[in-house]
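S.K.: I'd like to ask you about the structure that follows.
The values are calculated or read from the model by the stated rules, or taken from the named source; none is laboratory data. Here the structure is a predicted model, which is why all the values come from computation and not from measurement. Neighbour counts run over all protein chains shown; Cβ positions are idealised from the backbone, glycine included.
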Amino acid sequence: METTTTKPSPIQQNLKIALIVLVACFALFSLDKDVHTPSDLFEWGNFFALILYFTPTFLLSIFLFKYVSKKLHPSDSFLLALLIGIPFGFILVISLLRAL
């Protein structure tokens, strides 16, 4: 009996990364002292901040995943890319905002 494993398509992997980065951004925003209810996360200022944090973090995570997946198993590279990409992306954005 043969078992076959299907490799997820790049679109599925990118969507998973996008969803996890989005959840991480919302978790970061929920730490803000001005956020009292979940509806506060969907105000215009927070939406702009979401775009500002999400875009570089997502792109960095995708880049890391593509780079690391050449060297490691896909599931390991997926986890490693997120564990490195999300904190580093947030640190990068915060550092750039502080420099301004």
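S.K.: Checking the condition within 28 Å of L97 (Cβ to Cβ), surrounded by 15 or more Cβ atoms within 10 Å (Cβ to Cβ) and touching an Asp or Glu at 6+ places or on another chain (Cβ under 9 Å), which residue from F54, F29 passes? Full working, then the answer.
M.R.: Details: F54 fails: touching an Asp or Glu at 6+ places or on another chain (Cβ under 9 Å).
Answer to the check: F29.
S.K.: Sticking with this one: What tally of residues in the stretch 32-51 results from selecting those that are of a type in the set (S, T, N, Q) and farther than 22 Å from R98 by Cα?
M.R.: Residues meeting the conditions: 2.
S.K.: Looking at the stretch 5-25, which of the residues that are within 16 Å of the chain's Cα centre (by Cα) and without any contact (Cβ under 8 Å) to a residue 24 or more places away in the chain is surrounded by the fewest Cβ atoms within 10 Å (Cβ to Cβ)? Walk me through how you get there before you give the answer.
M.R.: Restricting attention to the stretch 5-25, the residues satisfying the condition of being within 16 Å of the chain's Cα centre (by Cα) are 10-25.
Restricting the remaining residues to those that are without any contact (Cβ under 8 Å) to a residue 24 or more places away in the chain gives 10-12, 15, 19, 23.
Values: P10: 12, I11: 8, Q12: 10, L15: 12, L19: 10, V23: 11.
Going through the qualifying residues, I end up with I11.
S.K.: Here's something else I'd like to know. Assess whether A49 counts as being among the small types (G, A, S), under 30 Å from S77 (Cα atoms), modelled with pLDDT of 85 or more and exposed (fewer than 15 other Cβ atoms within 10 Å of the Cβ).
M.R.: Working: among the small types (G, A, S): yes; under 30 Å from S77 (Cα atoms): yes; modelled with pLDDT of 85 or more: yes; exposed (fewer than 15 other Cβ atoms within 10 Å of the Cβ): no.
For A49, the condition - among the small types (G, A, S), under 30 Å from S77 (Cα atoms), modelled with pLDDT of 85 or more and exposed (fewer than 15 other Cβ atoms within 10 Å of the Cβ) - is not met.
S.K.: Hey, does the stretch 63-78 have a residue that's touching a residue at least 24 places away in the same chain (Cβ under 8 Å), of a type in the set (A, V, I, L, M) and either surrounded by 14 or more Cβ atoms within 10 Å (Cβ to Cβ) or within 19 Å of P8 (Cβ to Cβ) (or both)? So that I can check it myself, show each step before the final result.
M.R.: Step one: filter the stretch 63-78 for residues touching a residue at least 24 places away in the same chain (Cβ under 8 Å), giving 65, 74, 78.
Next, only the ones that are of a type in the set (A, V, I, L, M) stay: none.
Looking for residues that are touching a residue at least 24 places away in the same chain (Cβ under 8 Å), of a type in the set (A, V, I, L, M) and either surrounded by 14 or more Cβ atoms within 10 Å (Cβ to Cβ) or within 19 Å of P8 (Cβ to Cβ) (or both), one finds none in the stretch 63-78, hence no.
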